[in-house]
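Take a look at the structure below.
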Amino acid sequence: MSATSLIVLEDDSGMEWKTREQLEDEMEALRRRVAELEAGQDEHRQTREALHQSEGRWKALVSNLPLRVFCKDRSSVYVACNENFARRVSGKDRL
């Protein structure tokens, strides 16, 4: 019969007794959680990169359209426009 060793953990709230097996199980659970978080970070990075690429394509498209494109907020304040619109509004666009 093997004796189970107990380990005492103590913090400000008091002592807690755990077996070696309990601590090993908790460590394995923590390792799995760290691996999950790392995988989530990789997925987040890939998603952010895909979004950046998509934004670049849309910006290139809007910038090169022969149309005048603009955006206003709910208060009708211009918040974005392409070069064609800016030239028209500034009077630098000659028809």
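Quick notes on this one:
- Rounded, prolate or oblate (a/c below 1.5 giving rounded, otherwise prolate when a/b exceeds b/c) for segment 34-95 by Cα gyration tensor: prolate
- With a Förster radius of 41 Å applied to the C-beta separation of residue 12 and residue 39, the computed FRET efficiency comes to 0.75.
- Linear extension gain, residue 71 paired with residue 52, 0.36 nm per residue minus alpha-carbon span: 4.8 nm
Values in this text are rule-based calculations from the coordinates and carry no lab data. Keep in mind that this is a model prediction, so the values were computed, not measured. No Cβ is skipped: glycine too gets one built from the backbone with ideal geometry, and neighbour counts run over all protein chains shown.
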